Amino acid sequence: MTRKRVLTGINTTGTLHIGNYVGAIRPAIQDSRKPDVDSFFFLADLHALIKCQDPARIERSRMQIAATWLAAGLDPDHVTFYRQSDIPEIPLLCWMFDCVMSKGLLNRAHAYKAAVDAATAAGRDPDADVSMGLFSYPVLMAADILMFNAHEVPVGHDQLQHLEMARDAAARFNNLYAPADEPFFVMPQATGGSAIEVLPGLDGRKMSKSYNNVIPLFEGGRAALDAAIARIVTDSKQPGEPKDPDSTSLTVIYDAFATPEEQAAFRAELRDGLGWGEAKKRLAEKIDAEIGPMRARYENLMAHPAEVEEIMQQGARKARAISGPFMDRLRHACGLRSFTELSGAVKAEKKAQKKARATFKQYREKDGKFYFKLISADGEELFLSTAFESGRDAGVWVGRLKNEGETALADAPVTLCEGVSREAVVAALESFREDEEA
Ligand code: TRP
């Protein structure tokens, strides 16, 4: 059974919140346990350098996110779990794609356009805030995906365009360098899309660090969880007053951790007057029942960075066992080959020339006599013979001209065609003898 390769990456610029857990981490880990799925999980720490040039923050974030995946139940023996920056084949593939993808396509990337629009609106140079890294973001992402030939990439809406661009990179590279029946890259599909759960934050907008409306996943422990939940926006109805369960994100967040029966019961209680304060306590309990044990594992991993480092090193070896040999093939395809292959290349070139060499034509005219002529590689007639009584006699001369070249030409019964130089004829005859040697 060839398993479906599913690949997921997370940028390592910050810490994770409940929205990341519900929308990405939890479903990805669940998927990775299916027998027909071959999962790749990685920390997009090269991407992180685009947005964040604070080394301490990068260091902390990649450690935290690694520990988060592991604490949430990812099994590194069962999946391939690695840091992007440990796989040198990825940035090399990114460069190969940089060289075949058109700038015009990348000009349309949302993140780049947003940066240009913001600078323009502020009356500054359009590219004032655009690094080459930001511009090339989708190309590096294409390399992430195609390096392991992922079939499926579960992503949110904001990443669909990047998947399109990855497909473009795959198609261009295949067209340029792969035999038609043996493409290097499969076309990756975005999965999830709108189906990927987008959890609302404290204020009802999408949970996102930039809105400052998140519930942290592990950072700050149970206390931070309770504190964030206390800030969930509700109306000011008092305990005992009937409440609209859909008037707040509290219930939606609850839903993400509850069974359908529990969801219905919770809503019924709110309609019956359950106080918001009590409802928030229930939500905190519900979330903590699931993530509390994970938080304990997380804290233990954070206290033992060498263990996590060892897991990442193992993951890198596992990933490079795939990316290394694949990159060898890609390098070869582009012409980045060992010089020892060059003798083969020279032979191939000679063979190609051989196809394009001059040719002799032997024929019989209406007069019943036999003739031959020499035609150059580009189809020009170089000389015509005189008439022969027998085809055999004509053939003898053709043989001599092929074998002896210029020597035979001296007394061969042929007339050069108009405008043809003796040197051209000698060169054409020479090519027959080179073929012999090759
Ligand atoms: N761009 C993704 C994000 O912002 C992270 C990412 C980088 C990624 N490379 C990837 C996701 C490859 C999936 C596949 O969320």
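The values are calculated or read from the model by the stated rules, or taken from the named source; none is laboratory data. What you see is a predicted model, and the numbers here were worked out from it, not measured in a lab. Cβ: placed from backbone, ideal geometry, glycine included. Neighbour counts: every protein chain shown. These area figures cover heavy atoms from the full protein model, side chains too; ligands, DNA and RNA do not enter into them. Shrake-Rupley method; radii C 1.70, N 1.55, O 1.52, S 1.80 Å.
What to note about this one:
- Contour excess over end-to-end distance, with Cα ends at ASP36 and ARG422 and 0.36 nm allotted per residue: 131.8 nm
- Given +1 at the Cβ of Lys and Arg, -1 at the Cβ of Asp and Glu and no other charges, the dipole of the range 263-351 around its Cα centre is 720 debye to the nearest 20.
- Accessible surface computed residue by residue for the range 89-212, with neighbouring protein chains in place and a 1.4 Å probe, gives 49 Å² per residue.
- Alpha-carbon centroid distance for the pair the range 51-85 / the range 182-237, whole angstrom: 18 Å
- Normalised by 2.2 N^0.38 Å, where N is the number of residues, the C-alpha radius of gyration of the range 117-255 stands at 1.52.
- Whether the range 123-195 is rounded, prolate or oblate, judged on the alpha carbon gyration tensor where a/c under 1.5 counts as rounded: oblate
- Restricting the calculation to Cα atoms, the range 286-438 shows an Rg/Rh of 1.59 when the hydrodynamic-style radius is the Kirkwood one.
- Here the range 54-111 is treated with +1 on each Lys and Arg Cβ and -1 on each Asp and Glu Cβ, and its dipole about the Cα centre works out to around 340 debye.
- Listed residues ARG222, ARG124, ARG167, most fluctuating in the chain (Gaussian network, C-alpha, under 10 Å): ARG124
- Across all C-alpha atoms in the chain, the radius of gyration and Dmax reach 35.1, 122 Å.
- Overall shape: prolate for the range 259-325, with the ratio a/c of the largest to smallest alpha carbon gyration tensor axis at 1.5 or above and a/b above b/c.
- Between helix 160-177 and the chain there is an angle of about 20 degrees, using the helix long axis and the longest principal axis of the Cα atoms.
- Positive end of the dipole of the range 93-202 (Cβ unit charges, origin at the Cα centre): among CYS99, ALA143, LEU163, the Cα lying farthest that way belongs to CYS99.
- Chain lengthening between ASN175 and THR259 when straightened (0.36 nm per residue, less Cα-Cα): 25.3 nm
- Nearby aspartates and glutamates by direct alpha-carbon distance to LYS366 (threshold 15 angstrom, same-chain neighbours under 8 apart not counted): GLU389
- Highest-fluctuation residue, ASP288, ASP125, ASP411 considered, GNM on the chain with Cα pairs under 10 Å: ASP411
- Lysines with Cα under 27 Å of LYS206, excluding same-chain neighbours fewer than 8 positions away: LYS51, LYS113, LYS237, LYS243, LYS280, LYS281, LYS286
- Between helix 89-98 and the chain: long-axis angle, C-alpha atoms, 0 to 90°, nearest 10: 70 degrees
- Applying 1/(1 + (r/R0)^6) with R0 = 45 Å to the Cβ-Cβ distance of ARG271 and SER210 gives a FRET efficiency near 0.85.
- Of HIS47, HIS162, HIS304, the one that fluctuates the most in a GNM where the chain has Cα springs shorter than 10 Å: HIS304
- Coarse-grained scattering of the range 1-109 at q = 0.13, 0.16 Å⁻¹, given as base-10 log I(q)/I(0) from a Debye sum over alpha-carbon atoms: -0.58, -0.84
- As a fraction of the 1.4 Å probe accessible area of the chain, surface on carbon and sulfur atoms comes out at 53 percent.
- Where the range 266-305 is the region considered: accessible area per residue in Å², 1.4 Å probe: 49 Å²
- Pairwise centroid distance, computed over Cα atoms, of the range 403-425 with the range 240-270, Å: 98 Å
- Pairwise Cα separations in the range 199-305 fall into 5 Å bins from 0 onward with the following percentages, short to long: 2, 12, 22, 23, 19, 11, 6, 3, 2, 1, 0.
- Residues with amide H under 5 Å from that of GLN189, placed H, sequence gap 5 or more: GLU152, VAL153
- Residues of type lysines that LYS361 reaches as a straight line, Cα spacing below 26 Å, ignoring anything fewer than 8 places off in the same chain: LYS350, LYS351, LYS369, LYS373, LYS402
- Between the Cα long axis of helix 132-147 and the first principal axis of the chain there is an angle of about 80°, rounded to the nearest 10.
- GLU381-LYS347 pseudo-label distance in nm [points 7 Å out on the Cα-to-Cβ vector]: 3.9 nm
- Judged by the gyration tensor of its Cα atoms, with axes a ≥ b ≥ c, the range 204-243 is oblate; a/c meets the 1.5 cut and b/c is at least as large as a/b.
- Using θ = phi - 60° and Karplus 6.51 cos²θ - 1.76 cosθ + 1.60, couplings along the range 180-188 (whole Hz; Gly, Pro as x): 4, 8, 9, x, 6, 10, 8, 7, x
- Linear extension gain, GLN238 paired with ARG329, 0.36 nm per residue minus alpha-carbon span: 25.9 nm
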